[in-house]
Amino acid sequence: MANQNILLIEDDGIARIAAEKCIQCGTCSASCPLNRYMDYTPRQIVALVREGLVEEALKTKTIWLCSTCYLCAVRCPAKINIGEFMTALKRFALKNGYSNSLLYPKLMKTYVEYVNKYGRVSEPRLMVSFSLKTNPLKLLKMLPISIRLLKNGELSISLEKVQNLEEIKF
Amino acid sequence: MDTAERRLNGKHLSFYPGCSCSKNGTARRYGSSSIAVLKALGIEVSEINDWNCCGSNLYRIIDERGSYFLGARNLSKALEMGLPEILILCPACFLSLNRTLTEISRNTNLKNEIAKKYRVLGGPAVSRLRIRHIIDFLVNDVGEEDVKNRVVKRLEGLKVAAYYGCQITRPYGYFDDPEFPTSLERLISWIGGQPIESNLKTKCCGGMLMLTNEEEVLNVIESILRSYVKSGAECIVTACPLCHLNLEIGRARLSGRVGLDENFPIIYFTQLIGLSFNIPVEELGLGKDDVGRITEKVRLTATVKGV
Amino acid sequence: MDNRIGVYICHCGLNISSTVDVQKLTEFAQGLEGVVVARNYPYMCSDPGQELIKKDIKEHGLTNVVVASCSPTMHGPTFQRVCEEAGLNPYMFQMVNIREHVSWVTDDVEKATEKAKLLVAAAVNRVKFHEPLGKIHVPLTQSVLIVGGGITGIETALKLANSGKKVYLVEKEPSIGGRMAQLEKTFPTLDCASCILTPKMVDVASNPNITILAYSEVKEVSGYIGNYKVKVVKKPRHVDESKCIGCGLCATKCPSKVPDEFNMGLSFRKAIYLLFPQAIPRKYTIDREHCFYFTKGICRVCERFCPTRAINFEQKPEEIILEVGAIILSTGYDIFDPSVIKRYGYGVYKNVYTGLEVERLTSASGPTNGRVILRDGRTPSTIVVIHCVGSRDENYHVYCSRVCCMYAMKLAHLIKERVPNSTVYELYIDIRAHGKGYEEFYRRVQEEGVIFIRGKAAEITEAENGKLIVVFEDTLLGRVQQIEADMVVLATALEARKDVKELARLFNIPVDKDGFFLEKHPKLAPVSTVNRGVFVAGACQGPKDIPDSVAQGAAAAAEALALLSQGSVEAEPVIAEVNKNLCSGCRICVSVCPYNAAVFDRETKTASVQDVLCQGCGTCVASCPSGARTLRQRGFTDRQILAEIEAILPKKLVTIEKAIAEA
């Protein structure tokens, strides 16, 4: 059972997550605001990964329910940044094609497309194009609040973009 | 106070609005009210030239390296402007730029790669970069004396609950406790308000998951709103565009269930400070509803300072 | 004089020989000027290895010996003894560390061998300038100072006193007894703590060889092994100990009300008080911070009622100078303040307690006479005990406090005993029941119905009905759960005393990364310190339970006895000496010496160094403006050091030859 955790650590050569030192106390799980909806607790995800069962971890709902609020990270007695750990797993899952059917990756992809094209994001436009891709009916549900926001001047659909777009090609 | 004035006199920061707080963003009112408040305090801010997306978590999941390049471009622009102290409103941007800076300073390979594209980041000037959240700046640099001196209308007795959300103090919130911060409560009391506590004040609002896992996130928001209703708050102030949006969605969708009326004021804390500074409501981006609700509670008749 | 040098290279099993080519090194050494014999051997420190050296010294008439092996701290004394036994002065020897400094820090055989060669050459060059030195003998004072009068200090004192040594037991509180006096029962046998402690306290008080200095603190320590001079300050009790009969009338009349620290603030005492009913010495003490006379200038009620006229408001701190041969520190531990873990709400929610607070609640002489009740008088029916509060947590203390699992289970047992129908949960990460009878105790408590759940509490909140909501993951079920509790008990960590740094400075010993006193060796010298006459015992060295503390106390007593029974102690002759003919009497050395060893002789108007006080630190030598010929360090003369450097530096760089010639 090779330590596949290394794959996560070396992913892009940047993310550094030391999940090996987990003492399996469950503080992260019980601190998570979305734990009720997860199929595995965050602690179990750490256990899966360090036992080499990475594939199982990548298929969980849990990793996509992490909103990276870092409450687990500041409480962890082993000082593991579990929020970052989940981020690395998400990236790994996407790269290896584990989660293409899920909503969250679609959102991210739409987001990245926007940023790469304009350098900035217009949130209302992002929401509209995301909803059109996934669940157009939802736009109807959002209508009342959208109208309210528009009325309050909080919603603008005009596009902002970076002048020098060449500078954001890397 | 003399010392504070001397320290802040001519203080000039660069300003990173980010997509949400910029002119066409969903949190444009957070942006405009912050600038108005800073101006009233004699602080000059200059928007970073041609800034771009901070390289937020959403981006970073797909392309980590790219996210640092995005962040780095903003940092390099600030340095080129000669304003290495960067003021930020949006906690997600605050987190991203802080992370970029942290990674640049500890990962030499990354730094070298980035410096090839953004020259100024290869030099010693990097060490002068400071990424400041506006709460940190107002509480720790401007300080109690200056804020109080600028108050025209004390919001006497207004019960204000602060909702920080998560990423202001985590994991880069070195200016306050990561779970139980008190900076906003201090600001509220300086302008005469009565801070109301909630132990959910730094619990996550669900963030972007509102778009993908609406039901789950609405449940989270419901518990947050319930705790604020229970605490007797008359107004909730926020400091994050996404928290704000989610709370507003929650208010619209759940008001009946949690016993909150649908006009209950949920505003940015800078808007509230602006009110006490007597800044025109248009500049603060406050809707008539909000002002009406607050003034009704506060009896703003008590003009403490001035003529 | 012709030097006849022997060089001995140790393989240290594979520790050295796997990285350093010992054969090549031996051949190299053989070719060095002055070397008559060079050998290598698998274990130079072994009996045959030692015999090899002895035989060569005799047969080849060696004048100097160089051993290249491990650290001189490890085996320097061993090989010095070998030289001595073969009739060679032990200071004609030099050791080279080719293990820690060479083989352990690289895998590169070639480089390692090259470095080893240089180091051996340096030692060979140096040892030519060695001179015979004689050991210094220092007499020993036959008495011991023990700092800290808890169970460790008490046991240590009794052992030493019973073997006829004079003991001074210094305790900063008004009574001896320490933490153990606060305990109701002790795990795993459930002995009544007072019942086994109080007789020991009485023994201490009645032993003619023991002087108890309670309400006292050590302020200054001077001198050296065998001959320490210690200044102790006895704080004013404002009660004349020779007159007070401990009747307690003063306390019944005293009008003040002070939170009782012995009961962890769960009850009140008076400003004139006895720390606890079985206190020893049984003498009352006025707490100046709370006494109305001292704070407001009025009252003096106690003075009026005292039948023996023992009250003395004018009493001043008293300085006592002690002369002792050895010092044992048994200063104990502090309790981690859990209020810094804000999510547990200690200090905010009134029904969140620390373990020691609940211990006092269960105590028959405690604030509730042994009834387990909440602050509002209600009896709790659901109790949650949280383990590892401040321990095993990198945000606070990374170490395991070693006693919490056991005391948490003991408290669960006591709560079950006092509140029979209660439900008690233990939230643990791992149960550490490592001692004799501990695992059995764990089983017993399980059988008594205490519910063990594996998972650390993430947070505690208070519901509107006043119940505490404890949220955690049951890690064996993989499910996040919560318990509505009436009472939460935090099994708080043990930590180093707040003033540990000052104590360490006072006694000139180091502390470890967690702030506990650092023992000389964790396995082979567990109660010794780098300061040879100072020993440590009990929880001041690291978290410890009572059996381990008592065992360490006995060990420290044995170490002190072993030292004192030598009658005199050998001091290293590697110290500074003054050439009186050249000394100008500027007294710079006198002012810089940290051990007061350099003194000015008024008659000859020159400086001199007192052998037994000098520790050989070299500060004076470096400070002497008239140079090395005036004030020199035996065993580290300029000549010796320059010779060493000369052998290491490339020849071209050596202008040192000149320097040596000048010296």
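The values are calculated or read from the model by the stated rules, or taken from the named source; none is laboratory data. Because the structure is predicted, anything quoted here is derived from the model rather than measured. Please note: Cβ atoms are built from the backbone with ideal geometry, for glycine as well, and neighbour counts cover all protein chains shown. The accessibility values were calculated without ligands, DNA or RNA, using every heavy atom of the protein model including side chains. Shrake-Rupley method; radii C 1.70, N 1.55, O 1.52, S 1.80 Å.
Worth pointing out:
- Scoring C:C244 on the criteria (1) in a loop (DSSP other than H, G, I, E, B); (2) open to solvent by 40 Å² or more (accessible area, probe 1.4 Å) leaves a single failure, condition (2).
- Just one of the numbered conditions (1) more than 14 Å from chain A (Cβ to nearest Cβ); (2) out of contact with any Lys or Arg (no Cβ under 8 Å at 6 or more places or on another chain); (3) open to solvent by 20 Å² or more (accessible area, probe 1.4 Å); (4) assigned to a strand (DSSP E or B) is not true of C:K416: (4).
- Residue within the range C:249-270 that is hydrophobic (A, V, I, L, M, F, W, C), open to solvent by 50 Å² or more (accessible area, probe 1.4 Å), part of a loop (DSSP other than H, G, I, E, B) and over 17 Å from C:S365 (Cα atoms) present: no
- Checklist (1) more than 9 Å from chain A (Cβ to nearest Cβ); (2) buried (at least 21 other Cβ atoms within 10 Å of the Cβ) applied to B:P241, failing item: (1)
- The condition of being of a type in the set (A, V, I, L, M), in contact (Cβ under 8 Å) with a residue 24 or more places away in the chain and surrounded by fewer than 21 Cβ atoms within 10 Å (Cβ to Cβ) holds for B:A40.
- The range C:378-406, residues that are open to solvent by 30 Å² or more (accessible area, probe 1.4 Å) and more than 14 Å from chain A (Cβ to nearest Cβ): C:R378, C:T379, C:S381, C:R402
- Of the residues making up the range A:45-94, those that are in a helix (DSSP H, G or I), within 22 Å of A:M108 (Cα to Cα) and facing chain B (nearest Cβ under 9 Å) are A:W64, A:L65, A:G83, A:E84, A:T87, A:A88, A:K90, A:R91, A:L94.
- Tally of residues being under 23 Å from B:E44 (Cβ atoms), open to solvent by 10 Å² or more (accessible area, probe 1.4 Å) and not charged (D, E, K, R) across the range B:59-89: 5
- Those helices (runs of 4 or more DSSP H) of the range B:1-120 in which at least 2 residues are at the interface with chain A (Cβ under 9 Å from one of its Cβ atoms), considering only elements entirely within it, cover B:18-21, B:28-40, B:57-62, B:64-80, B:91-106, B:108-117.
- Of the numbered criteria (1) within 23 Å of C:A181 (Cβ to Cβ); (2) within 14 Å of chain A (Cβ to nearest Cβ); (3) surrounded by fewer than 19 Cβ atoms within 10 Å (Cβ to Cβ), the one C:V340 fails is (1).
- Among the candidates B:N199, B:N263, the residue that is in a loop (DSSP other than H, G, I, E, B), open to solvent by 20 Å² or more (accessible area, probe 1.4 Å) and either within 16 Å of B:C166 (Cα to Cα) or of a type in the set (F, W, Y) (or both) is uniquely B:N199.
- Remark: C:V352 falls outside the filter, which requires a residue to be in contact with a Lys or Arg (Cβ under 9 Å, 6 or more places away or on another chain), open to solvent by less than 10 Å² (accessible area, probe 1.4 Å) and touching a residue at least 24 places away in the same chain (Cβ under 8 Å).
- Filter pass, C:P132 being open to solvent by 50 Å² or more (accessible area, probe 1.4 Å) and of a type outside the set (F, W, Y): yes
- Of all residues in the range C:277-297, none are touching a helix residue (DSSP H, G or I) at 6+ places or on another chain (Cβ under 6 Å), assigned to a loop (DSSP other than H, G, I, E, B) and on the phi > 0 side of the Ramachandran plot.
Yes or no, residue by residue, for (1) under 11 Å from C:Y8 (Cβ atoms); (2) open to solvent by 70 Å² or more (accessible area, probe 1.4 Å); (3) in contact (Cβ under 8 Å) with a residue 12 or more places away in the chain:
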site: C:K24; (1), (2), (3): no, yes, yes
site: C:F28; (1), (2), (3): no, no, yes
site: C:T73; (1), (2), (3): no, yes, no
site: C:P77; (1), (2), (3): no, yes, no
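- Yes/no for A:R120 being in a loop (DSSP other than H, G, I, E, B) and facing chain B (nearest Cβ under 9 Å): yes
- Hits in the range A:147-170 (condition: within 26 Å of the chain's Cα centre (by Cα), without any contact (Cβ under 8 Å) to a residue 12 or more places away in the chain and more than 7 Å from every other protein chain (Cβ to nearest Cβ)): A:K169
- Residue ID - most open to solvent (accessible area, probe 1.4 Å), chosen from residues in the range C:438-483 that are more than 11 Å from chain A (Cβ to nearest Cβ) and part of a loop (DSSP other than H, G, I, E, B): C:E464
- The range C:502-548: number of residues that are part of a loop (DSSP other than H, G, I, E, B), of a type in the set (S, T, N, Q) and open to solvent by less than 20 Å² (accessible area, probe 1.4 Å): 1
- Taking the listed residues C:I328, C:I321, the one that is surrounded by fewer than 16 Cβ atoms within 10 Å (Cβ to Cβ) and within 24 Å of C:L169 (Cα to Cα) is C:I321, with no other qualifying.
- Residue satisfying all of: in the range C:619-640; open to solvent by less than 60 Å² (accessible area, probe 1.4 Å) and more than 12 Å from C:V578 (Cα to Cα); nearest to the chain's Cα centre (by Cα) among these: C:T619
- Qualifying positions in the range A:87-103 - under 11 Å from the mean Cα position of the chain (by Cα) and at pLDDT below 85: A:L103
This table checks each residue for (1) open to solvent by less than 30 Å² (accessible area, probe 1.4 Å); (2) touching a residue at least 60 places away in the same chain (Cβ under 8 Å); (3) in a helix (DSSP H, G or I); (4) away from chain A (no Cβ under 14 Å).
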{"residue": "B:V126", "(1), (2), (3), (4)": "yes, no, yes, yes"}
{"residue": "B:F137", "(1), (2), (3), (4)": "yes, yes, yes, yes"}
{"residue": "B:E144", "(1), (2), (3), (4)": "no, no, yes, yes"}
{"residue": "B:F180", "(1), (2), (3), (4)": "no, no, no, no"}
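- The listed residue being surrounded by fewer than 16 Cβ atoms within 10 Å (Cβ to Cβ), under 23 Å from the mean Cα position of the chain (by Cα) and at pLDDT 90 or above, out of C:A555, C:A562: C:A562
- Among the numbered conditions (1) within 14 Å of chain A (Cβ to nearest Cβ); (2) touching a helix residue (DSSP H, G or I) at 6+ places or on another chain (Cβ under 8 Å); (3) open to solvent by less than 30 Å² (accessible area, probe 1.4 Å), the only one that B:M208 does not meet is (3).
- With respect to the conditions (1) more than 14 Å from chain A (Cβ to nearest Cβ); (2) closer than 22 Å to B:L275 by Cβ, B:Y164 lacks only one, and its number is (1).
- Top-ranked residue of the range B:148-161 - restricted to ones that are more than 20 Å from B:A40 (Cα to Cα) and either open to solvent by less than 50 Å² (accessible area, probe 1.4 Å) or part of a loop (DSSP other than H, G, I, E, B) (or both), ranked as nearest to the other protein chains (Cβ to nearest Cβ): B:A161
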